[in-house]
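Throughout, read-outs are computed from the coordinates displayed, never taken from laboratory work. A quick note: this is a predicted structure, and the numbers were derived from the prediction, not measured. Ideal geometry is used to build each Cβ from the backbone, glycine not excepted, and the neighbour counts take in all protein chains shown.
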Amino acid sequence: MGSITSDKPDPTEFTPHLYPPFPSDTQPVAHLDTFSLAQLKSGDLAEQARLFETCKTRGFFYLDFTNTPAASLPEEAENIGRLSEEVFRLPMEEKTKYTLTNQKPNSILGYKVAGWTKTDAKGTPDTAEFMNVGKDDILDNPTRTPVALPELLLRPENRSLLARYQTTCQRTGLDLMSILATQMGLPADIFEDKHRLHQPSDDHVRMTKGPPRKNTSMPEIQTPGHTDFGTITILFNWLGGLQVWSEPSRGNFHQMFDGAQSGTRAAEWLWVKPKAGHAIVNLGDAAVKFSGGILCSGRHRVVPAPGEQGLFPRYSIVYFVRPEDKTVLKRLTGGDVPPIEEGKEEPELTAQQWIIQQSLALRDGVAKGKVEA
Ligand SMILES: O=C(O)CCC(=O)C(=O)O
Ligand SMILES: [Fe+2]
């Protein structure tokens with residue numbers, strides 16, 4: 001039904017104010033630390049050290065943006081959530097005009113139909129739809145290879161919402177990386193020239209939608225287990241369904257399957273409870289590589305939300321801060337970053353090559369990628 005003042009359909013699915021709470025009997029739940037961006041940026045050394053500890057041991061945390069230039073991000077994420085409902089409601093013929101692989105060779109930008117990704121060796125398809133909206137297209141960066149976007153996203157009010165959101169998330173991600181750089185004894189600005197806003201990169205806002213739970217026993221996999229490919233990710237979700245692997249990853253990038261063991265017998269999937277007004281922030285593979293494994297990335301996956309929450313379709317809005325396409329992904333020199341062992345060599349892959357390799361491996365459910373960490 002249209003409203004009187006706008007031709008937008010009323011939202012019917014993305015309704016965070018109507019969701020039941022995360023069920024209190026759902027176990028096991030991950031304990032994630034919470035940080036205030038304002039406190040971190042005020043130069044509170046104890047908080048900065050606590051952030052570093054979290055990023056060395058788990059690589060996932062909640063972030064509060066109150067009293068910072070990013071204070072409106074939670075509200076803007078909801079606005080993008082509403083917009084994503086409209087995007088996913090477009091007819092399939094329209095959405096598939098923007099299919100990722102049709103856009104530019106091996107691109108992960110554009111529309112991903114549910115089922116494109118294989119979640120296990122048997123080829124079980126994933127159930128989530130994505131619309132990956134590249135920063136370079138929204139910000140009209142001159143050096144990009146253009147990727148077409150639905151007209152809906154190019155309307156001035158939507159485009160400026162996305163541009164504001166992308167710019168703020170990218171800046172916030174780099175502010176956090178600057179704190180981590182200092183903690184590692186590196187110059188505070190060491191990540192800046194590898195992540196320039198107006199240089200081509202695979203940074204994007206991902207709109208995701210997964211269907212309600214169909215059965216209570218076996219979870220349908222919305223997004224299979226993975227580590228994010230880039231530097232740092234800022235995620236908003238409103239329903240449970242995100243799970244983190246209890247053991248963080250420090251370079252074991254070729255374990256792609258759900259439930260794949262990374263060493264310890266007791267490792268398991270832990271539910272991540274959404275926290276109102278907070279983002280969930282996690283480090284990705286590039287942060288692990290730049291830091292020579294000091295920082296870790298959390299392996300995670302998405303299944304339908306638990307309990308009553310599982311009756312709702314699940315939306316999330318993700319921003320991936322990624323290195324510029326041409327950046328070579330290898331450990332930095334200096335500070336506490338351990339030098340490469342004598343006689344060993346690190347592969348000289350650019351961020352662009354790495355992301356293509358990893359996303360194709362994830363699509364195909366390839367348990368052992370060809371890339372060594
Ligand atoms: O939807 C979520 O909560 C997480 C999504 C995610 O991990 C991803 O898109 O990389
Ligand atoms: Fe992810």
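The table that follows gives values for the structure above.
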{"quantity": "Relative packing of 199-212, 331-344, which averages over residues the other C-beta atoms within 10 Å, highest first", "calculated": "199-212, 331-344"}
{"quantity": "Antiparallel bridges, percent of DSSP beta bridges restricted to the chain (to nearest 5)", "calculated": "90 percent"}
{"quantity": "Theoretical gain in end-to-end length, Glu94 to Asp44 [0.36 nm per residue, Cα-Cα removed]", "calculated": "13.1 nm"}
{"quantity": "Cα-centred dipole magnitude for the chain, charges only on beta-carbon of K, R (+1) and D, E (-1), debye, nearest 20", "calculated": "560 debye"}
{"quantity": "Where Cα atoms sit under 21 Å apart: lysine pairs in segment 1-150 separated by 8 or more or lying on different chains", "calculated": "12"}
{"quantity": "D_trans [Stokes-Einstein, Kirkwood Rh over alpha-carbon pairs] for segment 97-160, 10 °C, 1.306 mPa s, µm² s⁻¹", "calculated": "122 µm²/s"}
{"quantity": "Added length on full extension, which subtracts the Cα-Cα distance from 0.36 nm per residue, His198 to Glu308", "calculated": "35.3 nm"}
{"quantity": "Dipole-positive endmost among Thr68, Ile80, Thr101 within segment 62-103 (Cβ charges, Cα centre)", "calculated": "Thr101"}
{"quantity": "Efficiency of FRET between Ser160 and Glu75 - r from beta-carbon atoms, R0 22 angstrom, step 0.05", "calculated": "0.90"}
{"quantity": "Å³ per residue enclosed by the Cα convex hull of segment 27-364", "calculated": "136 Å³"}
{"quantity": "Cα gyration tensor of segment 17-116 - equivalent ellipsoid semi-axes, whole Å, descending", "calculated": "34, 19, 17"}
{"quantity": "Relative contact order computed over the chain (Cα-Cα under 8 Å; 6+ residues apart), in percent", "calculated": "23 percent"}
